[in-house]
Structure formats: structure tokens, C-alpha cells
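J.: What follows is a structure written as C-alpha cells; I'll ask about it next.
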Amino acid sequence: MRLNGALKSSIIYLSQTRGVAPRNGLRERTPIVTTGCLSDFMATGGFGKAAWRAAPARTFGRRREEEEGETEYLATDDSKGTTRPSAGHSTSALTNSRRNEKRLNAFMKVAVLGAVHWHAGDYARNIFTAYTGRLNFSLKTGAFEMTKRLSGWSGFTLMFGKSRLIMSSLIFLAALPGFARLAPAEDRPQVLLERMLENLENRAQGTITGEAHCWHLAHNMGQFTDQYRKTKNTAWLDAGVEYYDALIAVMHTSPDGYKGWVGPYIYDDQYYSEAHVTDAILLHHMLLFSEIVLNGDDAELMAGYAEKARSYVALAEKHLFEKFDARNTWIEDGPYGAYIDDPNRLLPDDPSSFVRVSDGRSGMAHPFNKQMKMGVAALSLYRLTGRQYYRDRAEKIFAFFKSRLNLFEDHYVWNYWEPFGPDDRRAGDPEDTDSWRHWIAVHPFRNYQAGEISMIVDAYHTGIVFDATDIERFCRTNLRMYNGDGGREGPEWLNSNYDMIHAALGRPVVRTGGAGGLAGCLWRPLTAFCPELARIAGEETPSVDWSRRHAERPVTVFDFPFNSSSSLAMAAVMPSVVKNGGVCLVASKSFVPGTIRIELFNADGTELLETIFAGETPGGTDGREGILIHEWTPENLAAGAYRVRWTLNNGEFREFPITVQDR
């Protein structure tokens, strides 16, 4: 078909100009089609996650990612704090799809406009966004990037130089004269549904899916409910129900009778596993549907969808929270709680019984993004059922996260992962006990923190843990990340700890690799609170609304003693509740080496009681550097609350509250 030929012609032209042979009729030597590849684009019938890139002397990021953080399928090499592509990525063959003829309209506009708006040396980046028929334009310096977003599909990216851009756009225009219309509004729910069902069919092998696939399967699920809220067109809900039920049909029943989306363990594919986040990201979208139906006042919605909505609530209660409680993967420490990696795995050849595995990840606390995915699922169930159990669960998850935030100059920075307790310490090697089972650093990919922000805002709206001061600090972080005037070295959006590390080291450390070559992005959920961010997002008359969306719920803010520090990237006592005579780990991570004092103070931090440690701390910005772990045994302390304080030789300090109990 003509569309297919046009796509091939443009890619072949780009490949030749880069010295890259076509793959499959487009075979490649150096990747021009990255992990979100052309074959995936065509197989799923849209621009859903395709990324075509050509850039001088490097291959860009190894993942497809979305600004709101819905896509994740990178495994982590814990020994180096680096990333590698995870198992399970689809590389299906190039297929034809006539539905694409309806979907290229805005892309054609992008190619033409982009061809004539290049500047600033060899490369310029123009970002165009088409969303439900609206085309926005902005011009930036750097590489050329085009992003196409429509209801039901998103994220089509090209990066190449201006001469190749002009030629490829002309090739597209010459070959595709008839694609001038967007899909009609009434067809969009079905277009999305067909694409997502096609994706599910390509990824599920019977009842075997797994985490790597389920990040893909969750992508764009939010469109069903988001578009219904915008349009009140119940066709979006109908399409959502059909997709939800298709997902439920491929749930696997494990040996203990619980169901979930089971597949290759993302860090070791010799096993099958059932990840918390896998179930949470899929069930949470179903729960959002249930909230629309059951928590509204629309009698017609209740009549048409209540039965389905209640079934999704029952499914999440039993096969998400009850299941992982029964498997003992929830742990608590005073006001904090966390989910740990389930050591129960399955053998692909014999999934009839669990194999309990003890490896580098089993029993380890999950990263914050995965903890919070469980947290927002709990919040949905709390709003649906009113059960305090779910509120308590979410409060402990988000309190754990808040206790690990770094405050610097009145804005927050946070690490992708931090240890929850002593079991997260690396064991087995006597020479390597002063280390953790995972690297500790800000995640290099921009969509992680963007996705976490959306969950933090959900917690704020439900009245737990965060207050207006917290949200203001997150807004300041995103504003400081913005480098739109190019006044600082680096891309348009800097990584969130740019200023913190700059202050600690006296020089910037700029990450320009990773997702799309950008270290940061706009955190859109914050635009409702911050006019400056709203204006950056393109809103001409931004309005600020601090009201909590679920104002009928009680508000319980978690207070924590923050102190501004540029050098101390982590400081915690684990466990935070310890008995006299018990052992706890007093741990920190510093960007700079030097002397450090660790001291015990009274509950409000006004009276020094004892010195826990005085000596040297290592330093470094790598995820494995700057770690200090000191074992401390409190003795003969009165039961009650205290603070532990870490003070560097530059005078900066951080504090962490603890509770001491009698033996």
C-alpha cells in the first residue's frame, strides 16, 4: 500500500544519509530505529510508541517513554547503577494498517512546518504537539524532534538534521496526498481500542504476560477515563470496559489461587514472577473507571456500568492487596511502610508451584515509583470503599517517600530508590557490606519523576501526607529545572538535582542522555498550582486552584524536620523504631568527601544527648558512591522520640526522627 511505501522511502533515505542500511527492507547496522521501533509502530497500527532517530555520532536512549511516566521497561544493572533493555520487548514484523491513513494528518503538518523552521547550527529542535486536532508549535535549540499526540495514541519522534528533514518531508508529502483528515471524533474510542487490543494480542502468550509487557499494556489506558471526563461520551467507557475485560481474560492463576499478570521476571527471565507494579498499573485504571461510575451522581452511568465497576473493585481488593499481604510482601516501620520484591517465582516449564528464590532482588524494597503505584491504587480503593485499611496503606507509602526527600534552597530533590530497612543492605561479601542492593541517585530518565509527581498530586488531593508547602516546593523544583533561555549548560529541561550538585561540587553535572536526550521535562500535574509552569505549558490565562479534589475526606499531613543541604543526598535510620539494645543502621550518602558527625538529639532537636559517630565520609555523585553505613545500638535511653543529626564539615546537616522503645 502507498503508506507503507512512503514510510519505507523516508526511512531508507534517512538511513542512507546516515550510512545506515535499511531494516527488513530496513536492516540496520547502527540503530536508527530505537527500542520503540518502526515495526512496533506499524504492528500496533499507529504512532503509539514509535521512535525513529538519527543523530550525529551517537544512538539516543534505549527506551520509549512518556511525559506522565506510564512507560517503563528498563532493567537495572545494580552493580553499576546503569540501565539495560529488559526482556520482553516486541520486535514484530512490519505490517500494513489502513487505519494509519487517518492518523498522519498532523504528522504531515509537522514535517512541512519543521522543514522550514530550522536554525541554530547543524541541528534545531522543533516540538509540535497535535492533540485531538489541535496543533501547537515551539522552537528550541538542539536536535530536531517531532512529537505527535492524539487521543488514543501518542509519542512519535523523529530526530535528524535539517537537510534530511526537508527531503523526508517532501517524500512523505509526495507519497501521501490524501491524508488530510483526523479520525472523526466518534471513531476515536474505537481506534484506540483496536490498537490496544492488537497490542495485547501481540504481547500475551495465553496467560503469560509479565512486567515488561504490562508497562506497554498500561500505556494509554488513562485515555478511556480522561476522554470520558472531557467529552462525556460513553463510547470511551464502553471501549475501556472491553479493554479491561480483555486484560482480565489473560490473568494467570498462581499456585496459591490468586490471579495476576504473570510473565518473565524483568531482572532474570529464567523465572516467571508476578510484580506488584504489574498488577497495580493495570488495576488502577480500572479503579479510576469505577470511581467515575460509583462515586458520581449519574443514574444512567450507574444503570449501565455499576456491575462492571463493582467487579473491578472486588478484583483489586482480592488479587492485588489481599494477595500481596498473604505473600508477606508488605513491611512496616513506625509511620512508614513499603512493598518488597516477592521472592516467590515460577519456573516457565513448571508453573504449578512456587520456587522461593534468594537473589540480589528478592525481599528488596521496591523503588519509589513502584511503591507509589501501589499507593495510588490504595487511594482509589479508599475513595471507593471508605476502608481505613487502604488509606493507612497509602499514608505509610507516601510518608516513607516524604521522609527521604532532600530539601535544598526550598525545593525538593529525591532519589529513585532508597533502602527501607537493614534487609536492603548488600550481604555476602565482607569487603562490600557498606553498600546497598541498589544504586541511590536521581533517575536519569525524565518520565520517572514526572510520573511520581502525578501520584504525589493524587495523594495531596485525597488529603494524605502532603500539604501546600510540599506542593510549592515541588513546583519550585520544576521551575528551577527549566532552562528555556539556555542560561545554564545543558538541555531545555535539566535534571532535578542540577542546582543541588552544582552547589555541592562547585560545578554542574549535566545529564543529557536518556529519554529523548533530555534530563527533565514539564511536570504537568503541577500547572494547576503554579502560574509560571502553566505559562510554560502554553496556557495563556492560567488559573490556580489549591482546593483538594476530594475535599470531603479528612486531611492528615505527615510532618518531617527538613533542613536544607546540597551535599547530603540521603540520611536515614533503619529501622526508625528500635528497642534499647537493638541494632539499627545509621546511613547516609554524601556528594562530597569530608568529616561528618552523627549525633543523637532530643525530640525537637534542641539538646545534644550523645555522639553516635565522628569520622570520615566518602563522597561522589554516582549511585554507588558516597555511602556511609554505621551500626548503632541505643543503650539505656528513655523510651520516646529522638532525632539523629548528620553534620558535614561545611556545616550542612540533615535530621531523621526515631523512636526508642524499652527492651
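The values are calculated or read from the model by the stated rules, or taken from the named source; none is laboratory data. None of these values were measured; they are calculated from a predicted model. With ideal geometry, Cβ positions are generated from the backbone for all residues, glycine too; neighbour counts draw on all protein chains shown. Ligands, DNA and RNA are excluded from the accessible area calculation, which covers all protein heavy atoms including side chains. Shrake-Rupley method; radii C 1.70, N 1.55, O 1.52, S 1.80 Å.
J.: Given the structure, is E242 modelled with pLDDT of 95 or more and more than 24 Å from the chain's Cα centre (by Cα)?
T.: yes
J.: Does R488 satisfy the condition of being basic (K, R) and within 25 Å of K396 (Cα to Cα)? Let's see the steps before the verdict.
T.: On the way: basic (K, R): yes; within 25 Å of K396 (Cα to Cα): no.
The answer is no for R488.
J.: Sticking with this one: Please specify each residue of region 201-239 satisfying the condition of being without any contact (Cβ under 8 Å) to a residue 60 or more places away in the chain and closer than 22 Å to P351 by Cα.
T.: Correct list: E201, A204, Q205, G206, T207.
J.: When you go through I281, I248 one by one, which is the residue that is open to solvent by 10 Å² or more (accessible area, probe 1.4 Å) and part of a helix (DSSP H, G or I)?
T.: None of the others qualify; the one that does is I248.
J.: Shifting gears a bit: Any residue at all in region 251-260 that is surrounded by fewer than 20 Cβ atoms within 10 Å (Cβ to Cβ) and over 17 Å from L315 (Cβ atoms)?
T.: Yes, region 251-260 contains a residue that is surrounded by fewer than 20 Cβ atoms within 10 Å (Cβ to Cβ) and over 17 Å from L315 (Cβ atoms).
J.: Could you check region 373-417 and list, in sequence order, the residues that are within 18 Å of P561 (Cα to Cα), within 19 Å of the chain's Cα centre (by Cα) and aromatic (F, W, Y)?
T.: F398, F400, F401, Y412, W414
J.: Do we have R426 as open to solvent by 10 Å² or more (accessible area, probe 1.4 Å), under 26 Å from S362 (Cβ atoms), of a type in the set (K, R) and modelled with pLDDT under 95 here?
T.: Values: open to solvent by 10 Å² or more (accessible area, probe 1.4 Å): yes; under 26 Å from S362 (Cβ atoms): yes; of a type in the set (K, R): yes; modelled with pLDDT under 95: yes.
So R426 passes the test.
J.: A further question on this structure: Quick one: in region 300-351, of everything that is open to solvent by 40 Å² or more (accessible area, probe 1.4 Å) and of a type in the set (A, V, I, L, M), which residue is nearest to Y243 (Cα to Cα)?
T.: A314
J.: So which residues in region 623-654 are closer than 25 Å to E332 by Cβ and either basic (K, R) or open to solvent by less than 10 Å² (accessible area, probe 1.4 Å) (or both)?
T.: P634, R643, V644, R645, W646, R654
J.: So N369 ticks every box in (1) open to solvent by less than 20 Å² (accessible area, probe 1.4 Å); (2) out of contact with any Gly (no Cβ under 8 Å at 6 or more places or on another chain); (3) polar (S, T, N, Q); (4) within 27 Å of P554 (Cβ to Cβ) but one. Which box is left unticked?
T.: The single condition N369 does not satisfy is (2).
J.: Restricting to region 534-561, count the residues that are touching a residue at least 24 places away in the same chain (Cβ under 8 Å) and closer than 21 Å to M481 by Cα.
T.: 2
J.: From T617, T611, T595, grab the single residue that is without any contact (Cβ under 8 Å) to a residue 40 or more places away in the chain, surrounded by fewer than 20 Cβ atoms within 10 Å (Cβ to Cβ) and not small (G, A, S).
T.: From the options T617, T611, T595, the qualifying one is T611.
J.: Specify the residue that is surrounded by the most Cβ atoms within 10 Å (Cβ to Cβ); the eligible residues are those in region 537-563 that are among the acidic types (D, E) and farther than 21 Å from S403 by Cα.
T.: Here the residue is E539.
J.: For region 240-270, which positions are more than 26 Å from P348 (Cβ to Cβ) and in contact with a Leu (Cβ under 7 Å, 6 or more places away or on another chain)? Spell out how you get there, then give the answer.
T.: Applying the first criterion (more than 26 Å from P348 (Cβ to Cβ)) to region 240-270 yields 240-245.
Result: E242, Y243.
J.: Specify which of the listed residues (E599, E607, E631, E625) is charged (D, E, K, R) and more than 23 Å from W436 (Cα to Cα).
T.: Being charged (D, E, K, R) and more than 23 Å from W436 (Cα to Cα) holds for just one of E599, E607, E631, E625, which is E607.
J.: Does region 564-581 hold any residues that are part of a loop (DSSP other than H, G, I, E, B) and either open to solvent by 20 Å² or more (accessible area, probe 1.4 Å) or of a type in the set (V, I, T) (or both), and which are they?
T.: Step one: of region 564-581, the residues part of a loop (DSSP other than H, G, I, E, B) are 564-567, 575-576, 580-581.
The answer is S564, P575, G581.
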